[in-house]
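See structure below.
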Ligand code: G3I
């Protein structure tokens, strides 16, 4: 079944310029079901949680999408703006325009902003890869000093290090290879947190990782790695505030919610908060029927959140964008196959910003947490 929009309206919304015209024509962000309460951010707050989404420059081009964030998001995470690959076009330049724009948008909608991410072994500009390890070590320290100083006191939290693990690289401890691991070895992780602490005494520091949710071999390796690394950080005196579990779920992966729940409890037992930082559902393994895909994605999301939100240390949920239209899954697929017609549906709102069953599943999970 097509998204519940007339073809003319859906076509009309295809471009950002049309969105502005749509607003001028009095076209609103599709209303929630009649009588439904306010957005997910407000529902989360009633449960003592936060809810929000990652954000990138689409909100500067698409006024309807901007309005959807205003209604739904109670917290934001920078997607691309504060990544090394965007901040650092070359070895001598820091380009803060996007980061400052995202901070401005967060302030405009009254949402705190999470910084993602100071140090990641991916998103490596060519100029960095061309440096010696000694030069990379100087870049590492200078980057953290400059960026963390600039945003000190302005952010809700930092994903100081993102995705430290990738067992597929074959390194001891399952660490992810890349320019920082090559320059320092796994010690780059502790160094990064200590460096931020030396220039910013306030911002909550988060370790952010993917793939901790499933009960396949990778999930077990990642959970073990996170626990070891958290203990290393805490033993080193790092002011670690939370662990970010990304929550990129997939209907094709195996889950055992007792296993995942026990993992959450072990992290909480270390005095840490837990954020679900990048929730979405990869539905590529499902049959084509949209209603069936949306229902199964919503059911998986519900099961995951029921487990996560039973743990008091879990303080909030952030999806990786709000609408299917701007999901990284869709961007990735269309970059590989511009003519693709079966498009991913990983998020709570469809490409026309209509609420999907996943939105109701998230809202219901918040209501259950609220009791
Ligand atoms: O904005 C530039 C544009 O100016 C330039 O012309 C173009 C040329 O390639 O690149 C554009 O930047 C792209 C950026 O997204 C913004 O669209 C980068 O190439 C592209 O690599 C980047 O992809 C992002 C990816 O992380 C790598 O940073 C995805 O949007 C983003 O959704 C994805 O998010 C990651 C999280 O950070 C970590 N967890 C997994 C998650 C999904 O992969």
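Please treat every number below as a calculation from the coordinates, not as lab data. For clarity, every value in this text was computed on a predicted model and none was experimentally measured. Quick reminder, even Gly has a Cβ in these numbers, built from the backbone with ideal geometry, and neighbours come from all protein chains shown.
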**Study point:** Extended-chain gain in nm, criterion 0.36 nm per residue less alpha-carbon gap, residue 90 and residue 287
**Key:** 66.5 nm
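Antiparallel versus total DSSP beta bridges in the chain: what percent is that, nearest 5? Walk me through the intermediate numbers first.
Values: 2 of 38 bridges.
Roughly 5 percent of the DSSP beta bridges within the chain come out antiparallel.
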Point to revise | Gain on full stretching of the segment that runs from residue 231 to residue 42 - 0.36 nm per residue minus C-alpha separation | key: 64.6 nm
Check your understanding: In nm, to one decimal, how far is the modelled label at residue 172 from the one at residue 204, with both set 7 Å along Cα→Cβ?
Key -> 3.5 nm
Review point. Which value in nm describes the separation of the simple spin-label points at residue 124 and residue 60, placed 7 Å from the Cα toward the beta carbon?
Key: 2.8 nm
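So what is the calculated 222 nm ellipticity per residue for the chain, using -39500 (n - 2.57) for each DSSP H run with n of 4 or more, over all residues, to the nearest 500 deg cm²/dmol?
Values: 16 runs with 166 residues, N = 371.
When only DSSP H runs of four or more count, the value is -13500 deg cm²/dmol.
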Check your understanding: With springs only between Cα atoms under 10 Å, which of 317, 59, 189 fluctuates most in a Gaussian network model of the chain?
Key -> 59
Check your understanding: Where a ≥ b ≥ c are the square roots of the eigenvalues of the C-alpha gyration tensor, would you call the stretch 48-92 rounded, which needs a/c under 1.5, or, failing that, prolate if a/b is larger than b/c, or oblate?
Key -> oblate
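With a 10 Å Cβ neighbour count serving as the proxy for reagent exposure, in which order, fewest first, do 80, 320 appear? Could the numbers behind the result be given before it?
Details: 80 17, 320 21.
With the sparsest Cβ surroundings first, the list reads 80, 320.
Suppose R0 equals 25 Å; then what is the FRET efficiency for residue 258 and residue 368 from their Cβ-Cβ distance, rounded to the nearest 0.05?
Working: r = 18 Å, r/R0 = 0.72.
Efficiency computed from Cβ-Cβ geometry: 0.90.
Within a 10 angstrom radius of the beta carbon, how do 51, 366 rank from fewest other beta carbons to most?
Details: 51 27, 366 22.
With the sparsest Cβ surroundings first, the list reads 366, 51.
For the stretch 75-122, what class follows from the C-alpha gyration tensor (a ≥ b ≥ c being the square roots of its eigenvalues): rounded when a/c is under 1.5, otherwise prolate if a/b is larger than b/c, else oblate?
Details: a/c = 3.77, a/b = 1.72, b/c = 2.19.
In terms of gyration-tensor shape, oblate.
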**Study point:** Gaussian network model of the chain, Cα within-10 Å springs - most flexible of 50, 165, 96
**Key:** 96
Revision key, fill the gap. With label points set 7 Å from each Cα along the Cα-to-Cβ direction at residue 343 and residue 265, the distance between them in nm comes to 4.3 nm
Study note, to complete from the structure: Per GNM of the chain with C-alpha springs under 10 angstrom, the most fluctuating residue out of 147, 160, 314 is 147
Exercise for review: Under 1.5 on a/c is rounded, so check that first for the stretch 285-329, then, if it is not, pick prolate when a/b is larger than b/c and oblate when it is not; a ≥ b ≥ c are the square roots of the alpha carbon gyration tensor eigenvalues.
Suggested key: oblate
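Calculate how large, on average over all directions, the projected area of the Cα convex hull of the chain is; give the answer in nm² to one decimal.
Numbers: hull surface 73.1 nm².
The Cα convex hull of the chain, projected and averaged over all directions, gives 18.3 nm².
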